[in-house]
Amino acid sequence: MKRPPLLLRIGVLCYVGVLVGVPLAFLFQQAFRRGWGAFWTALHDHTMDSALILTAKVAVVAVPLNVLFGVGVSLWIVRHPSRFTRILDRLIDVPLAVSPIIVGLILELTYAQNGWFGSALSALGWRVIFSTPGIVMASAFVSLPLVSRQVIPLLRVIGDHQEQTASTLGASPVRIFCTITLRSIAWAVIYGVTLTLARVIGEYGAVLVVSGNIAVVTQTLTLNIGANFENYNSYQGFVGAVVLALMSVAVLLVLSIARQRERRRSEYLA
Amino acid sequence: MSISLNGVTKYFGSDLVLNEVSDEVPQGSLTALLGPSGSGKSTLLRIVAGLTSLDGGHVELSGRDVTDVPPRDRRIGFCFQDYAPFRHLSVFDNVAYGLKVQRVPRAQRRREVDELLRLVRLEPFADRYPRQLSGGQRQRMALARALAIRPEVLLLDEPFAALDAQVRSELRTWVRNLQRELGITTILVTHDQGEAMEVADRLVILNEGRIEQVGAPDHVYDHPATAFVRGFLGPTTTLDGVTWRPHEIELGSPGETGVAAHVIDVIRLGFEVRVVVKDHSGSTSWVQLTHEQSRRLDAQVGEAVVVRPRAEVFEVL
């Protein structure tokens, strides 16, 4: 194979280097500048650990919710198209287009104790804003379309002939869903899950507004990192950033595997 | 199992796709639903399977009204034009799917699937995946999968359309023989009149959501009930304002009875030869000859001839 022109190679490598390489190297250099021992101690910082646990909790709730929603709405849009589903199809994309800060503000104004809907909820003793449910809602909101965007095109390509054949063979709708539909879209769902997970773990703006950013209580890992930098505790911030970066790398790894499997799948769909 | 359709009517939005279609499909027959695209034939097949709801009329299987029975309770074998293989399952598991649903014990399932794979000559491919099969093999797999539940009716939607010419003609004969052997009531949908005449013992000709004619292939070909059927089932040509099949007219020497004309083209298609003629009024018609007839006649472009209906055609009429 012919090599790409020298200028192109230099250009691309410089661009990636300036944007990603150098900052990442700086990040790791800063996190490990005091040696392994200090890094280890910083890893066990109580505030950061609570933040990490909160992020994990939020992900454990928000991701499955969005997977259920994503698969369900995809089936609805593809298998039962109507004028309504065409509107729905567009609406799902709104969270990607709207700035996360706006998302956070809208949620806060609606669900805060003196808000539109929040006053009714607080009468029931439910607290949404400045509490975990609000963080879950903000995270789910910003990652809403990531599963369905993967599943909808695949469902369209697969068509419904396999499902209809299964029905003539005596299978019930539940059985058809489990043995045919879900098996066909499995890798697209996994791909969507990793995208959702990455977004939920990394979300800052929307969560900042709804959580109140209270250390140990409503502070997620990203908020914790931000707080450390603001409070001139930059070393702790760098360590948190490394943890977050490593989580992203893990998600990316799963993503690339899922992508490969999905490509193989789409090859025999063709 | 016999199938009876009574006044089956279906709209897509405001389009009437099936207009009070009624037919009795006898037990054990192989019926071809034949018509151009958009004639409603595939919709009718899906209605028999229960995959499409209807807006009027009834469907009966052996006298039992199944209009509101879901597909899974109809015991019908259905094959799509694209064969709809379960892509994530092996050939064996594809065929076993219906038996698994019926909770047939593992050992018996194994036996029955092996037997079916033998029947469709796919034994060596049991562990392969659909993507590793050729078109013809996929079709046979889909057939075995449909037959596994011992259906009383077999419905095939354009079963040969996606295959290349040689495989298609092989499979036609094979399906025809298999159907006779099993004696299973079968309806197949096709837009190819040659295929319908070759395979089916009964034709139902559909046009714009209505049945134009029903009957044995030979009968329908020789005695078309409507101009549409005549034109759809085979080539036609006009002579002196009358429509004929091109093999029903012949050429004679000038001076004999017939329409005076001259040859303007001779097209040789192997066994068949088409002689195109133009009469004095300027209208053209064409005569279909066998290779042998053409050699004897030796028609040349520009030669004067007469064109007339064959004598034996009048005997049939």
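The values are calculated or read from the model by the stated rules, or taken from the named source; none is laboratory data. Bear in mind the structure is a predicted one, so any value in this text is a computation, not a measurement. Because the Cβ atoms are built from the backbone with ideal geometry, glycine has one as well, and the counts that use them run over all protein chains shown. With ligands, DNA and RNA removed, areas are computed over all heavy atoms of the protein, side chains included. Shrake-Rupley method; radii C 1.70, N 1.55, O 1.52, S 1.80 Å.
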Tell me, what HN-Hα J-couplings in whole Hz come from the Karplus equation 6.51 cos²θ - 1.76 cosθ + 1.60 at θ = phi - 60° for each residue of the range B:290-301, using x for Gly and Pro?
7, 3, 4, 4, 5, 5, 5, 6, 6, 5, 10, 4
Across 20 Å bins from the origin, how do the percents of Cα pairs in the protein assembly as shown run, short distances first?
15, 33, 27, 17, 7, 1
Stretched out fully, how many nm does the piece from B:Asp298 to B:Thr173 gain, at 0.36 nm a residue minus the Cα gap?
41.4 nm
FRET efficiency estimate (nearest 0.05) - Cβ-Cβ, B:Arg131 to A:Trp126, R0 41 angstrom
0.20
Accessible area buried at the A-B interface, both sides summed, 1.4 Å probe (Å², nearest 100)
2100 Å²
Ignoring the sites themselves, what is the longest stretch of chain B with no trypsin sites (Lys or Arg not before Pro) in a DSSP loop and at most 13 other beta-carbon atoms within 10 Å?
B:122-317
Candidate lysines - alpha carbon under 28 Å from B:Lys100, same-chain residues fewer than 8 apart omitted
none
Identify the residues of the range B:215-243 with backbone N under 20 Å of a label point that sits 7 angstrom from the Cα of B:Leu16 along the Cα-to-Cβ direction, or state none.
B:226-229
With a/c under 1.5 counting as rounded, go ahead and sort the range B:62-171 into rounded, prolate or oblate using the C-alpha gyration tensor (a ≥ b ≥ c being the square roots of the eigenvalues; past the cut-off, prolate if a/b is larger than b/c, else oblate).
oblate
With the other protein chains left in place, how much accessible area per residue, in square angstrom, belongs to chain B at a 1.4 angstrom probe?
47 Å²
Radius 15 Å from Cβ of A:Gly104, net charge of other residues (Lys, Arg +1; Asp, Glu -1)
-1
Report the dimensions of chain A along its three principal axes from the alpha-carbon atoms, largest first, rounded to Å.
69, 67, 32
Computed on Cα atoms, Rg of chain B relative to 2.2 N^0.38 Å comes out at 1.22
Report the calculated FRET efficiency for A:Glu230 and A:Ile257 (r = Cβ-Cβ distance, R0 = 35 Å), to the nearest 0.05.
0.40
Zone reached by a paramagnetic label modelled 7 Å from B:Gln102 Cα along Cα→Cβ, restricted to the range B:135-158 with backbone N below 20 Å, covers B:140-156
How much of the DSSP beta bridge set in the protein assembly as shown is antiparallel, as a percent to the nearest 5?
70 percent
Using the Karplus curve 6.51 cos²θ - 1.76 cosθ + 1.60 with θ = phi - 60°, what ³J(HN,Hα) values do you get for each residue of the range A:112-124, in whole Hz, with x for Gly and Pro?
5, 4, 9, x, 3, 10, x, 5, 5, 5, 5, 4, 7
Trypsin sites (Lys or Arg not before Pro) within the range A:181-270, DSSP loop, no more than 15 other Cβ atoms inside 10 Å
none
Specify the inter-centroid distance of the range B:165-187 and the range B:3-78, based on alpha-carbon positions, in whole Å.
22 Å
Over the whole of A:155-164, what's the average partner chain Cβ count within 10 Å per residue? Rounded to a whole number, please.
4
Within the range A:103-182, list the chymotrypsin sites (Phe, Trp or Tyr not before Pro) lying in a DSSP loop whose Cβ has at most 14 other Cβ atoms in a 10 Å radius.
A:Trp116, A:Phe117, A:Trp126
Report the charge-dipole magnitude of chain A in Debye, nearest 20, computed about the Cα centre from +1 at each Lys and Arg Cβ and -1 at each Asp and Glu Cβ.
960 debye
For the range A:216-261, take N as its residue count and report Rg(C-alpha) divided by 2.2 N^0.38 Å.
1.48
Sulfur and carbon atoms: percent of accessible area, the range A:44-102 [1.4 Å]:
72 percent
Tell me the Kirkwood radius of the range A:102-157: reciprocal of the mean inverse pair distance over distinct alpha-carbon atoms, in Å.
12.6 Å
Peptide A:171-180, shielding by other chains (average Cβ, 10 Å cutoff):
3
For the range A:153-160, in order, what is each residue's ³J(HN,Hα) by Karplus, 6.51 cos²θ - 1.76 cosθ + 1.60 with θ = phi - 60°, in whole Hz (x at glycine and Pro)?
x, 5, 4, 5, 5, 5, x, 10
Mean Cβ-within-10 Å packing, highest first, puts peptides A:190-197, B:301-308 in the order A:190-197, B:301-308
